1. Given the criteria of a type in the set (A, V, I, L, M, F, W, C) and farther than 17 Å from Leu329 by Cβ, does Ala156 qualify?
2. Scanning segment 503-529 for residues that are within 19 Å of Val480 (Cβ to Cβ) and small (Gly, Ala, Ser), which turns out modelled with the lowest pLDDT?
3. Which condition from (1) surrounded by 15 or more Cβ atoms within 10 Å (Cβ to Cβ); (2) farther than 24 Å from Arg521 by Cα; (3) at pLDDT below 95 is the one that Asp411 breaks?
4. Within segment 150-188, count every residue that is surrounded by fewer than 24 Cβ atoms within 10 Å (Cβ to Cβ) and closer than 21 Å to Tyr110 by Cβ.
5. I'd like the full set of residues that are among the basic types (Lys, Arg) and touching a residue at least 24 places away in the same chain (Cβ under 8 Å), limited to segment 282-296.
6. Just to be sure I understand, how many residues within segment 467-485 are more than 22 Å from Ala578 (Cβ to Cβ), in contact (Cβ under 8 Å) with a residue 12 or more places away in the chain and surrounded by fewer than 22 Cβ atoms within 10 Å (Cβ to Cβ)?
7. Please tell me if Arg619 is within 15 Å of Glu562 (Cα to Cα) and without any contact (Cβ under 8 Å) to a residue 40 or more places away in the chain.
8. Residues of segment 462-510 being part of a loop (DSSP other than H, G, I, E, B) and at positive phi, which ones?
Amino acid sequence: MPLRDRLGRPEALVVAAVVGFVALTVWWVSRDHRVPTFDAGGHMFTALWFRNEIAGGDVLFPFNYYNSFGYAPLVQLIGAAATVIGGRSVMTLVLSQNVVFVPMLALGCYGAGTIAFRSRLAGALAAVFALGTPMLTSLLHIYMLDPPQTALVALAVWLLLASRRFERTGWAAGAGVAFGFGLLTKLTFAVFPAGLIAVMLLRGGWRHWRGLIAFAAPAVVIGAPYYLRHASDVLRYAAGSNVAGTSLGDYGADPGRFTVGDLGWYLWNAINVQLLLPFTVLVVVGIVIAVVRYARDRRSDDLGPELVGGLLVSYVVIMMLAHNDNRYLLPATVYAAVLGTGWIATVRSATWRAVGATVVVAIAVINVVTTSFGVGGVARASLPGARDDRILTGRLTVFSDRGFLVDEPEDGGDVPAILEAAHARGARQLAIGRLSATEGFWNAPGLTALGAIAGLDVAPANDPAALGPKDVYVRREPIVAGGARPCAVLPDGTGVFVTRGPDLAPVERATNLYCPTRSPRVYEAPHADDPLPAATRARLTRLERVLAVARRQGVREAAFEESLAIDPAYGGGAAIAAAARRAGLRAPSGNRVDGLDPADGVLLFQRRLLPNYPPACLRNGDDGLFLVHGGAVPQLEYAERLYCPTRRPTDYRGPLAG
């Protein structure tokens, strides 16, 4: 029986993989109600922001907007357009990526594999390989920029190979279009086709100047204007990406650049995170075969050097960045997919080709199922000296149900339902508890995006004092036995607590707790009316004395930061405001800190004390209470206008100020 009859048409396999993957994403997103991760939440909010600005008449806003992390606007523009059709929702945004970029990724890998190995089966297996990599599976279930970047790299690689080293100008022009749009995904896009293009030029492509112009012209027209508009920002970011310990995140090189650990970092990442061991082995075998074949035959139509060169340059350049990240080599997937499967499609024995193809499909299915459903556990071996770092150095992962960032769908407290219900009952703004919003499952960008989807704007400067009577303040707090009932429970066992209106207090003393998804919606903490503990009263007495001295020194107004208002150490916002009034100080309307006059107004805030911090005005264990002239909370090491009326000098600065 012919191989085609046994395997079916290769194109049918690709179509089935694409349709099945998108359908799986629809199911997954419909079941997942967690708060989006930091990056996904930020990208979602940016897409909704683009939509609002364009709808308001500023059609050039996405072009003029620059993200400090080097994220160009294409993906968010597509998401913004999708919300016009499908409405504001997580489903719409995630599907906008899947519908556009999953077929593009499959097409690019299919085309590149078919051309490189002159086999449609090779192309089909490359597409299945790409869609079956664990990291891409996870990232395509949420809203990230890496899969679109990966898809456009794959498309550009296919079209470049099809141009026959720029001999065919039409294909070269198509590659230029893909390259130009790819530049509008992330700043690092150009790294991934660069090695392929260099090898094409070295192997005769430089002679085809018409094709080179056909490639370069659309790439420049599409991609260059954005980068010229933001040239200084892009150069600053590029410089920061290559200098350890910069203000762009202070990541530093991890591990030390050009060390043995650095050379192998992305290989261990492939084995344990991006591809896992079975696919990594296929890629290594494919690279060896490609190198040996070219060394023996030196055929001009052998595209192995282009593929190996593209992968090698991608690996080396990404390795040289100051910060290593699990996702950074993902856009090179097309090279891994084609090299890792093409040699299987060219095995002489039809039987062994069928076996190899079946193995590739089986591995892909296992990866997608274990990652998407969180089933199957982990099959992993450990070498001597193995470590539990981000890339599991020294370990060999065969399969794993632990996806990158996400795996199986989670309820995650169903915060979207809470925010949507709050909006339905009159809320138009929300404020987010800053100190608790630092986890992947509970973070400010994700909550901001969910708020925007629900129709809630973040209060100006995220200041709870700016909330209206129906607006909501959301925070994450431990659940205490006998204490206030949370509105929802998060994956780590902490609770989602919501209060309505601008009045802030510790959860255990709040009288305006609110949960719009259940009845009764408004409730009090069980101990809201209990007398303040003796230790709390003592701290308030000390605070009142400090504020009374400040009054004698000319201070007339005092406000307090949100974190202090919800800390039980001082009894909450109402108790602090009462102490200030007893000291003869007035409070700004709604405790608005932005209206404080530095001449006679002070802001109270609390921080965990660190060795490089200036002395606090009052201490409470490991925490310190600070006062500052005016309403801006400083970075303590660099603070210029700190104030403590009971110490000398009364005005002082942080150790690094000036």
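The values are calculated or read from the model by the stated rules, or taken from the named source; none is laboratory data. Quick caveat: nothing in here was measured; it's all calculated off a predicted structure. Methodologically, a virtual Cβ is constructed for each residue, glycine included, from the backbone with ideal geometry; neighbour enumeration extends over all protein chains shown.
1. Values: of a type in the set (A, V, I, L, M, F, W, C): yes; farther than 17 Å from Leu329 by Cβ: no.
For Ala156, the condition - of a type in the set (A, V, I, L, M, F, W, C) and farther than 17 Å from Leu329 by Cβ - is not met.
2. The qualifying residue modelled with the lowest pLDDT is Ala528.
3. Exception for Asp411: condition (2).
4. Number satisfying all stated conditions: 9.
5. none
6. Number satisfying all stated conditions: 9.
7. Details: within 15 Å of Glu562 (Cα to Cα): no; without any contact (Cβ under 8 Å) to a residue 40 or more places away in the chain: yes.
Against the criterion (within 15 Å of Glu562 (Cα to Cα) and without any contact (Cβ under 8 Å) to a residue 40 or more places away in the chain), Arg619 does not qualify.
8. Here is the first cut: in segment 462-510, the residues part of a loop (DSSP other than H, G, I, E, B) are 463, 467-471, 478-487, 490-494, 501-506, 510.
Selection gives Gly482, Gly493, Gly501.
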